[in-house]
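These notes are about the structure you will find just below.
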Amino acid sequence: MPLTFDDLLARARDLATGGRRAILGIAGSPGAGKTTLAERLVGELNGPGEPWAAHVPMDGFHLADVELDRLGRRGRKGAPDTFDAAGYAALLRRLREEADGHTVYAPGFERVLEQPLAGVIPVPPEIRLVVTEGNYLLLGTGSWPLVRSRLDEVWFCEIDEQERIRRLVARHEEFGKDHDTAVAWVRGTDQRNADLIAPTRERADLLVPASALPAPCRPRRSGAVR
């Protein structure tokens, strides 16, 4: 039978039954629905009771624009080497190993400012499942394999390519780009990143088809890339 969102919910719930905090990664190309899926999973798992799942996106580890300018990489913002992958891996280690006794704080990303914000996502000790998402969780270069080693499972979101591009253009327009600039960025920087990410699907524990993904929500003014 085709995979459904309820199947994903049950699989995520099962990850957290081993007596220790588990970390689920959700990967995919820009615009594939990673953030929407992560937020919906966490919302459904937590329900009306005490929260026991948390969403910690990768995008808080974007390098700040001032550092990208220094490195000459601002025109490629969103590429693998414009993130602090080693810092992200270190946070995932802390989330796994420091699950008892104190709150671990994670950075977020402000979409209007296009800048990371330190310490805006608290992960208290009662959290048993962390859902993290980002483009490069399965990348095999740099410090990204260390990121993969911290994750119990990684799922890869797949949607129709034209729909993915449509969503990306709409997102860039939502956050201030005019249509032509948005299209140019999607066809250029975003597409180069998508071409790099697509082959990593072979390393995923689960391929998530579009039919199992929740409908995208209106982009929020802060948080991670969808």
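The values are calculated or read from the model by the stated rules, or taken from the named source; none is laboratory data. Keep in mind it's a predicted model, so treat the numbers as computed, not measured. Ideal geometry is used to build each Cβ from the backbone, glycine not excepted, and the neighbour counts take in all protein chains shown.
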TODO: Identify, by number, the condition in (1) crowded, with 16+ Cβ neighbours inside 10 Å; (2) under 21 Å from Ser149 (Cα atoms); (3) modelled with pLDDT of 90 or more; (4) among the hydrophobic types (A, V, I, L, M, F, W, C) that Ala99 doesn't meet.
DONE: (3)
- [ ] Only one of these is closer than 20 Å to Cys157 by Cα, touching a Cys at 6+ places or on another chain (Cβ under 6 Å) and of a type outside the set (Phe, Trp, Tyr): Gly78, Gly43, Gly28. Name it.
- [x] Gly28
TODO: Within segment 121-144, track down each residue that is free of Cβ contacts under 8 Å to residues at least 60 places away in the same chain and surrounded by 15 or more Cβ atoms within 10 Å (Cβ to Cβ).
DONE: Ser143
Open item on the list: Suppose we filter segment 81-104 for residues that are among the hydroxyl-bearing types (Ser, Thr, Tyr) and farther than 30 Å from Thr189 by Cα; how many remain?
Closed with: 1
Task: Identity of the residue in segment 175-215, of a type in the set (Lys, Arg) and in contact (Cβ under 8 Å) with a residue 40 or more places away in the chain, that ends up surrounded by the fewest Cβ atoms within 10 Å (Cβ to Cβ) - done: Arg192
Task: Any hit, segment 162-174, residues being in contact (Cβ under 8 Å) with a residue 60 or more places away in the chain, more than 18 Å from Phe61 (Cβ to Cβ) and among the aliphatic types (A, V, I, L, M) - done: yes
Task: Qualifying residue in segment 177-187 (condition: among the acidic types (Asp, Glu), modelled with pLDDT of 80 or more and over 26 Å from Thr4 (Cβ atoms)) - done: yes
Task: Filter result (over 21 Å from Asp6 (Cβ atoms), modelled with pLDDT under 95 and surrounded by fewer than 24 Cβ atoms within 10 Å (Cβ to Cβ)) within segment 22-50 - done: Pro30, Glu50
Open item on the list: If a residue must be modelled with pLDDT of 95 or more and surrounded by fewer than 21 Cβ atoms within 10 Å (Cβ to Cβ), how many such residues does segment 152-166 contain?
Closed with: 2
Task: Matching helices (runs of 4 or more DSSP H) fully within segment 40-153 where at least 3 residues are on the phi < 0 side of the Ramachandran plot and touching a helix residue (DSSP H, G or I) at 6+ places or on another chain (Cβ under 6 Å) - done: 85-97, 144-149
